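Here's the structure, in structure tokens; my notes come after.
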Amino acid sequence: MTHDFGPFLLLSDKDNVLVARANAADGAVVTLESGAVRLSRAIPMAHKIARRPIAEGEVILKYGMPIGVATAAIAAGDHVHVHNIRSAYTATHALQDADGLSAGVSL
């Protein structure tokens with residue numbers, strides 16, 4: 001079941017992130033359970049913000065499932081993306097160049 005937070009959705013009650021269902025402007029006010037926060041940057045559609053403060057090392061949950069780990073503390077309302085999380089997907093995934101060869105990864 002989804003929940004409405006203006007331009008953001010809560011996809012699972014377990015989640016510590018909200019997902020943008022539309023582009024959200026820099027300075028937009030979003031009301032979280034803990035109160036209103038002002039976005040410090042524009043958030044593109046489908047990107048995430050912190051639903052509440054997230055500690056460094058804490059697991060990021062989306063759809064109630066782990067998608068990453070915070071590499072730094074993330075304040076409520078802050079953008080949650082590759083600059084402050086690392087993937088929690090399987091370690092066996094390897095990036096490939098356009099030619100289909102491993103991108104410098106030895107397997």
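Overview of results
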item	result
Stokes-Einstein D (µm²/s) once Rh is taken as the Kirkwood radius of the stretch 1-77 over alpha-carbon pairs, at 20 °C in 1.002 mPa s	174 µm²/s
Contour excess over end-to-end distance, with Cα ends at Asn23 and Val69 and 0.36 nm allotted per residue	14.1 nm
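Throughout, read-outs are computed from the coordinates displayed, never taken from laboratory work. Every value quoted in this text rests on a predicted model; they were computed, and no experiment measured them.
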